[in-house]
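**Q** One structure follows; several queries about it will come next.
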Amino acid sequence: MLRFENVCMRYPEVGDVLRNISFHLKHGEIAFLTGHSGAGKSTLLKLIAVMERCSRGHIYLDGQDLTFAKERQIPYLRRKVGFIFQDYKLLQDRTVFDNVALPLVIAGFGHLEIARRVRAALDKVGLSGKEKKYPLALSGGEQQRVGIARAVVNKPPLIIADEPTGNLDPDLSAEIMRLFEKFQQVGVTVLIASHDISLISQMNHRVLKLDHGQLVAA
Amino acid sequence: MKQIPKKYHKRQPKPEIQRTKLAGGNFIDKIQAYRDQHAQALFSSLGRLVASPFTSIMTITVLALAISLASGFYLLVVNLKLVAGNMDAGDNISLFLKDQISDVSARHFADAVRRQSGVREVKFVSRQQALEEFKIHSGFGAAIDILESNPLPIVIQVAPSDALVKKSDFERLFNALKQAPEVDIAQIDTQWLERLQSILNLTEQAGNLLSVLLGMGVLFIIGNTIRLELHNRRDEVIIAKLVGATNAFIQRPFLYTGFWLGFISGVAAWFIVTAMMLILWQSVEQLSVLYGGSFHMVFLTLTETLSLLLASSLLGVVGAWGVLVYQLRHTKPDKS
């Protein structure tokens, strides 16, 4: 599903941020990406979102080489990945429904299909009945679940979560993690970047550990 | 069962990027979704303009003034041309006859002129008529009365049939008339018209240049407005990019904002120009009456109004588009 082959990333100002990263996430696999801050976690995620291009090596997403993806193909590649962010990145002036519907609107679904899928996604994350609320009227945990609903609403094969529990208390964090496991069970690949060691150790999943730009455990 | 021709089977689904994979529904659904997207962008962009009335009104006023200046200048030229056209454009020839010619022989001469080819009309002004006209129009009536004899000559005004079309024919006619023994002085009343014509041409050119400059101004004002709007909605753009929006999708509402700005400014400019014309109308009509009432002011025609709206809308879209192409390439999703 997601394969890194000898990926190097070098910024002219900072030097090597990622060195020779190779790993392979299979379909339906769940994995943590961990490491101290500045170890290259964010850079690695940016490469998957094609916000940056790697300096060397190859990244394969669903069999397609991101290294050679043309600029106009990038939007369609991003639709295969659901992104979840620490700060949720919700549109504050839109309702929960509109926030979750955004990927579907972008992909060009009809409005009936959109309504059906949005309700299904909100139901999955336990936010049924809050469609008309605005994000600011929700708690942090609820906002994050809106973000998750948005990430999964068009059923991408891969979910990338960047510190999804960074702003949440342990109980809520565990709840979010159980949600990810549910997605995994229906065949979605999940990669979670986190430095919450206790949370990671509680759950028995694969851990990719970055240290100064190198993969020290995979 | 009917055999389907083989070529229909040949079509392979596009490899690599499958645009249709994630978008559900059939073709009709997609067309409808696409139409919905446009309708949504059309109305949401208008809604945004309404939601911040102060800023919108400021921008639209500036744009409307620029556009009305250009179209007002255009109308000015159109009307001036009309005035110039109304002034009998045919190059009239005035023949001042010699003093010793009697009224009778002058009339014979006028008939002879009338029969010449290339002459459309001949107007005979006798000494007496000339004197009366002079008394009425000059205001020197009393002074004329003092004179014992009438000092004015007989005048024959000759209007050539299509003088302007063939200059050489006109000159031939003029020379022939000038050399007639009865004629003292022959004059062509065209020089001032030619001068007016060239002044008008100059005015028209200046108007065109002004329009180009003002059009560029409109383009840049709209571009800058869109740039600010894009800046204000940067988060939204970035989120949309991250969930797979194409640049076309992101651009759409901004292009519609540009369209609305241009279109509304065009409408406002039309009202400004029409209001100005209405204010001037009374005075122009009065002036026209003084000159015999042959001239009536023209307003923007339907075609011109539509062109005005089309041009201003187009300027809006193009101004927005130019900025978007540049800015979106430089708006990279950046976490943190």
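Values quoted throughout were computed directly from the atomic coordinates according to the rules given, and no laboratory measurement underlies them. None of these values were measured; they are calculated from a predicted model. Note: ideal-geometry Cβ built from the backbone for every residue, glycine included; neighbour counts use all protein chains shown.
**Q** When a footprinting reagent is the concern and you count Cβ atoms within 10 Å, what order do B:I185, A:I176 take, fewest first?
**A** On the way: B:I185 12, A:I176 22.
The fewest-first ordering by Cβ neighbours comes to B:I185, A:I176.
**Q** Report the charge-dipole magnitude of region B:93-189 in Debye, nearest 20, computed about the Cα centre from +1 at each Lys and Arg Cβ and -1 at each Asp and Glu Cβ. Show your work: numbers first, answer last.
**A** Details: 12 positive and 14 negative charges, 83 e Å.
Around 400 debye, computed over region B:93-189.
**Q** Expressed as cubic angstrom per residue, what is the convex hull volume of the alpha carbon set of the protein assembly as shown? Each step should come with its number before you reach the end.
**A** Working: hull volume 150.6 nm³, N = 554.
Per residue, the Cα convex hull of the protein assembly as shown comes to 272 Å³.
**Q** Say we join alpha carbon atoms closer than 10 Å with springs in a Gaussian network model of chain A; which of A:N154, A:N167, A:N99 then has the biggest fluctuation?
**A** In the Gaussian network model the winner is A:N167.
**Q** Quick one: how many lysine pairs in region A:65-218 have C-alpha atoms under 24 angstrom apart, if they're 8 or more apart or on different chains?
**A** 22
**Q** Can you show me the helix-derived [θ] at 222 nm for chain A, built from DSSP H runs with n ≥ 4 at -39,500 (n - 2.57) apiece and divided by the number of residues, rounded to the nearest 500. Let's see the in-between values first.
**A** Details: 7 runs with 74 residues, N = 218.
The helix contribution divided over chain A gives -10000 deg cm²/dmol.
**Q** Which distance in Å, rounded to a whole number, links the C-alpha centroids of region A:124-175 and region B:268-319?
**A** The two parts, judged by their Cα centres, are 59 Å apart.
**Q** Another question, if that's okay. Mind checking region B:90-136 for chymotrypsin sites (Phe, Trp or Tyr not before Pro) that DSSP puts in a loop (not H, G, I, E or B) and that have at most 15 other Cβ atoms within 10 Å?
**A** Working: sites: B:F96, B:F109, B:F124, B:F134; in loops: none.
Sites meeting the loop and neighbour criteria: none at all.
**Q** While we're looking at this one, here's another question. Answer with one residue from A:H36, A:G187, A:I114: the one whose Cα lies farthest towards the positive end of the charge dipole of chain A, charges on Cβ with Lys, Arg +1 and Asp, Glu -1.
**A** A:I114
**Q** I need the Kirkwood Rh of region A:52-92: take the reciprocal of the average 1/r across all distinct C-alpha pairs and report it in angstrom. Intermediate values should be presented prior to the final figure.
**A** Details: mean 1/r = 0.0831 Å⁻¹.
One over the average 1/r among Cα pairs gives 12.0 Å for region A:52-92.
**Q** Over region B:155-312, what relative contact order in percent results from Cα pairs under 8 Å that are six or more residues apart? Intermediate results must be reported in sequence, preceding the final value.
**A** Details: 47 pairs, mean separation 22.6, N = 158.
This gives 14 percent for region B:155-312.
**Q** Explain nothing, just the number: dipole magnitude of region A:93-154 about its Cα centre with +1 on each Lys and Arg Cβ and -1 on each Asp and Glu Cβ, in debye rounded to the nearest 20.
**A** Details: 10 positive and 6 negative charges, 23 e Å.
Roughly 120 debye, rounded to the nearest 20.
**Q** Pick from B:H296, B:H108, B:H38: which residue has the top mean-square fluctuation in a GNM of chain B where Cα pairs under 10 Å get a spring?
**A** Among B:H296, B:H108, B:H38, the largest GNM mean-square fluctuation belongs to B:H108.
**Q** Projected onto the charge dipole of the protein assembly as shown (+1 at Lys/Arg Cβ, -1 at Asp/Glu Cβ, origin at the Cα centre), which of B:Y291, B:L209, B:S52 gives the Cα projection farthest towards the positive end?
**A** B:S52
**Q** What whole-number distance in Å separates the alpha-carbon centres of region B:26-61 and region A:15-63?
**A** 38
**Q** Report relative contact order for region B:93-189 in percent, whole number only (criteria: Cα-Cα under 8 Å, sequence separation at least 6). List each step's numbers first, then the result.
**A** Details: 130 pairs, mean separation 47.1, N = 97.
The value is 49 percent.
**Q** Dipole size in debye (nearest 20) for the protein assembly as shown around its Cα centre, Lys and Arg Cβ +1, Asp and Glu Cβ -1? Let's see the in-between values first.
**A** Numbers: 62 positive and 50 negative charges, 755 e Å.
With only Lys, Arg, Asp and Glu charged at Cβ, the dipole is about 3620 debye.
**Q** Given the options B:Y34, B:I188, B:S168, identify the residue whose Cα lies farthest towards the positive end of the charge dipole of chain B (+1 on Cβ of Lys, Arg; -1 on Cβ of Asp, Glu).
**A** Of the listed residues, the answer is B:Y34.
**Q** Which residue, B:L300, B:L63, B:L173, tops the fluctuation ranking in a GNM of chain B built on C-alpha contacts under 10 Å?
**A** B:L173
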